[in-house]
Amino acid sequence: MTSSRSETLAPPSRIFLYEDPSSPTVDLGELRSHLKEGTGLNVETRPEFFSYYRDEDLETRASKLARLKVRNLHREQQDFEPLLGEVNFELRLLSDPSRRLPGILYDGFRFQELLRSLIPPEERSLRTLHLPLTSRLLATFDPNDRVYHARVIVCGYPCVISTSGIVEGPAKPKEFYRARRGYSILGMSPPTEALKEEIRGRFIDYDDDRMTEVLKGYVLQALFYHMMGDPFCEDRDCRLFNAHWQEEMIRAQLTSGRLCPEHREFLSRIA
Ligand SMILES: [Zn+2]
């Protein structure tokens with residue numbers, strides 16, 4: 001934990017959790033109870049973010065979303081005019097948020113900016129923590145290796161948590177990639193589902209029964225970011241551990257499933 005203990009806590013006076021209707025195994029009520037009991041804060045659930053804030057016509061919104069697609073993993077996103085097909089695709093998705101679209105990557109910070117612009121001014125304050133869950137896969141550009149990386153959480157305002165990011169963000173066990181590379185070298189397309197079967201249990205998949213439990217940790221990361229500016233912990237058994245591997249995420253969120261003593265103590269002071 002990097003922040004000093006003397007720093008003033010600023011817990012939000014209310015937290016809104018927004019549903020991801022494309023993830024049937026996510027129990028929003030359970031997430032809410034976990035957060036509420038752990039913090040003593042006022043936590044409410046809301047429908048999916050774009051369905052909740054409707055005061056904009058869907059075509060305008062679809063066009064804004066289509067602009068956020070990452071076109072080149074190795075170049076930081078530039079503005080561009082989306083194709084009609086891309087806008088229509090977003091339009092279909094906005095009309096039915098229970099659909100999931102694998103494989104499309106969005107610029108995480110610009111996505112967050114779009115969400116922020118939809119929150120009315122009276123709710124856009126540090127007293128209110130908005131936590132939208134989304135099935136959209138979000139990525140942020142890392143200036144060090146100059147490439148976009150898929151993320152589970154994009155901290156900022158609001159803190160956006162991606163359910164697809166839980167699957168695609170942290171890396172799967174090394175042998176998965178080794179086997180996939182083997183197929184590519186032979187000029188064959190890798191049988192992804194069969195390869196996943198070989199590492200079953202060692203990563204979180206779409207519609208995984210463990211999704212809600214994993215999300216509890218990321219919701220806490222969002223809260224710690226909001227209060228301290230630092231969502232992460234170095235302790236591998238703390239729910240705030242910044243997992244880069246699926247197995248690290250499973251260890252922090254499921255095997256341990258707890259905060260480290262220091263973060264636990266910290267939370268008990270606001271509860
Ligand atoms: Zn910790």
Original post:
Can you name every residue in region 216-235 that is within 10 Å of the ligand (Cβ to nearest atom) and surrounded by fewer than 21 Cβ atoms within 10 Å (Cβ to Cβ)?
Top reply: Phe232, Glu234, Asp235
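The rows are residues; the columns are (1) open to solvent by less than 10 Å² (accessible area, probe 1.4 Å); (2) among the hydroxyl-bearing types (Ser, Thr, Tyr); (3) touching a residue at least 40 places away in the same chain (Cβ under 8 Å).
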position	(1), (2), (3)
Glu122	no, no, no
Leu138	yes, no, no
Asp142	no, no, no
Tyr157	no, yes, yes
Ile161	yes, no, yes
Arg180	no, no, no
Asp207	no, no, yes
Original post:
Considering only region 252-267, how many residues are more than 13 Å from the ligand (Cβ to nearest atom) and open to solvent by 60 Å² or more (accessible area, probe 1.4 Å)?
Top reply: 1
**OP:** Determine, yes or no, whether Cys238 is in contact with a His (Cβ under 9 Å, 6 or more places away or on another chain), farther than 20 Å from Val154 by Cβ and either open to solvent by less than 70 Å² (accessible area, probe 1.4 Å) or more than 13 Å from the ligand (Cβ to nearest atom) (or both).
**Re:** yes
Original post:
Can you pull out the residues in region 94-147 that are of a type in the set (Val, Ile, Thr) and in contact with a Gly (Cβ under 9 Å, 6 or more places away or on another chain)?
Top reply: Thr134, Thr140
Subject >> Within region 8-118, strands (runs of 3 or more DSSP E) holding 3 or more residues that are surrounded by fewer than 17 Cβ atoms within 10 Å (Cβ to Cβ) and not aromatic (Phe, Trp, Tyr) >> reply: 43-46
Subject >> Among residues of region 245-259, those that are touching an Asp or Glu at 6+ places or on another chain (Cβ under 7 Å) and among the aliphatic types (A, V, I, L, M), counted >> reply: 2
**OP:** Six or more apart or on different chains, Cβ under 7 Å: which pairs go from a residue in region 244-271 that's touching a residue at least 40 places away in the same chain (Cβ under 8 Å) to one that's among the hydroxyl-bearing types (Ser, Thr, Tyr) and away from the ligand (no atom under 13 Å from the Cβ)? Could you list them?
**Re:** Leu267/Thr39; Ile270/Thr39; Ala271/Thr39
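The values are calculated or read from the model by the stated rules, or taken from the named source; none is laboratory data. Just so it is clear, the structure is predicted and the values come from calculations on it, not from any experiment. All Cβ positions, even for glycine, are placed from backbone atoms using ideal geometry, and neighbour counts span all protein chains on display. Please note that ligands, DNA and RNA were not included when accessible areas were found on the heavy atoms of the full protein model with its side chains. Shrake-Rupley method; radii C 1.70, N 1.55, O 1.52, S 1.80 Å.
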